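Read-outs: derived from the displayed coordinates by stated rules, not from any lab. Because the structure is predicted, anything quoted here is derived from the model rather than measured. Here the Cβ positions follow ideal geometry from the backbone for every residue, glycine too, while neighbour counts run over all protein chains shown.
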Amino acid sequence: MTIIDGKQIAKEIREELREAAEKAGITPGLCVILVGDDPASAVYVRNKARGCKDAGFYSRTLRLPAETTKEELLGIIAELNNDKEIHGILVQLPLPKHLDEAEILSAIDPDKDVDGFHVRNAGALMLGRPAPVACTPQGCIELLKRANVPLTGANAVVVGRSNIVGKPMALLLLQENCTVTVCHSRTKNLKEICREADILVAAIGKPRFITGDMIKPGAAVIDVGINRLDDGTLAGDVDYEAACEKAGWITPVPGGVGPMTIAMLLKNTFEAACRG
Ligand code: GUN
């Protein structure tokens, strides 16, 4: 059984990007916008700024009050769209309830949309055209590839259908010639479907939801979940100890998918900077 070390792979990617930026003579710049004071989001935003620093990129973090109006936020995005130092703009989700996420995300210049959430980029992914791709699913594919997990013809099951992870994940696996099934909260026979998966991606948001009896022996198990438990520790969406008994490959939490999300964000920012 192989534990896929996302932390180490992400470090290698950051170093590759640092060298590529130096060679190209550019300083990629990322602006992260955090609206409100959700503690989990604050941690993610801090980690994104740290990732930039580690790769030698320029980073700016805008922390806005929860009461920020739609007009104020759209004004800030419009300025960043014209800011030559900034190649990537990321609005951390979720946004406070009074702000319409789809409307805000559509205001970002699609060439600076390093999250790949703009309708133009989400549509490009569906059509298999080049465009920034959502960071978490892109990171999952990178982990599978770097761990040499066979993809062509594999039975891939994605549990979760969010716009951020589940849906783009399914499209990327399809691009890699997997046979893809997407499961969700209304799926019947979830256990049986998961048990058929050569590649199982858990993006549910419920701690230890995927139990050992849902895993096919030898499967690659990719755990996207980051759940804070009452005792303050982190747990993935997969029962890790039980899964280790069955899986051929597994990603730990923390240290699996999480660092790769940031590495792919840096990659998207680098590519945006190269486009100019
Ligand atoms: N919230 C949770 N994951 C993400 C992500 O990948 N991007 C943004 N912008 N917000 C998130």
For region 135-254, place one equal point scatterer on every Cα, skip the solvent, and apply the Debye formula. What is log10 of I(q)/I(0) at q = 0.15, 0.19 Å⁻¹?
-0.58, -0.96
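Using per-residue counts of other Cβ atoms within 10 Å, averaged over each peptide, order 260-267, 240-247, 155-162 from highest down. Walk me through the intermediate numbers first.
On the way: 260-267: 26.6, 240-247: 17.5, 155-162: 23.2.
Descending packing order for the listed peptides: 260-267, 155-162, 240-247.
Would you compute, from DSSP H runs of 4+ residues alone, the mean residue ellipticity of the chain at 222 nm, taking -39500 (n - 2.57) per run and dividing by the full residue count, rounded to the nearest 500? Numbers along the way, then the final one.
Values: 10 runs with 117 residues, N = 276.
Taking each H run of at least 4 residues, the total per residue is -13000 deg cm²/dmol.
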Mean-square fluctuation check for the chain, GNM, Cα pairs under 10 Å: which of Ala202, Ala131, Ala24 is largest?
Ala24
Specify the residue with the greatest mean-square fluctuation among Pro94, Pro252, Pro137, computed from a Gaussian network of the chain linking alpha-carbon atoms under 10 Å apart.
Pro94
Which of Ser185, Ser106, Ser41 moves most in a GNM of the chain, Cα contacts under 10 Å?
Ser185
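When you have a sec, figure out the Kirkwood radius of region 115-201 from all distinct Cα pair distances and drop it here in Å to one decimal? It would help to have the intermediate numbers written out before the result.
Values: mean 1/r = 0.0759 Å⁻¹.
Over region 115-201, the inverse of the mean reciprocal pair distance is 13.2 Å.
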How big is the chain in terms of Cα radius of gyration and Dmax, in angstroms?
18.5, 54
Taking amide H positions as placed 1.01 Å from N in the peptide plane, with prolines and chain starts having none, which residues 5 or more places from Leu62, or on another chain, fall under 5 Å of its amide H?
Val32, Ile33, Leu34
Length gained, Thr233-Arg275, 0.36 nm per residue minus C-alpha separation, equals 11.0 nm
Using the per-residue mean of other Cβ atoms lying within 10 Å as a proxy for protection, in what order, highest first, do the peptides 205-214, 228-237 fall?
205-214, 228-237
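Provide the gained length on full extension for the span Asn177 to Lys7, in nm with one decimal, where the gain is 0.36 nm per separating residue minus the Cα-Cα distance. It would help to have the intermediate numbers written out before the result.
On the way: separation 170, 0.36 × 170 = 61.20 nm, distance 2.67 nm.
Computed gain between Asn177 and Lys7 is 58.5 nm.
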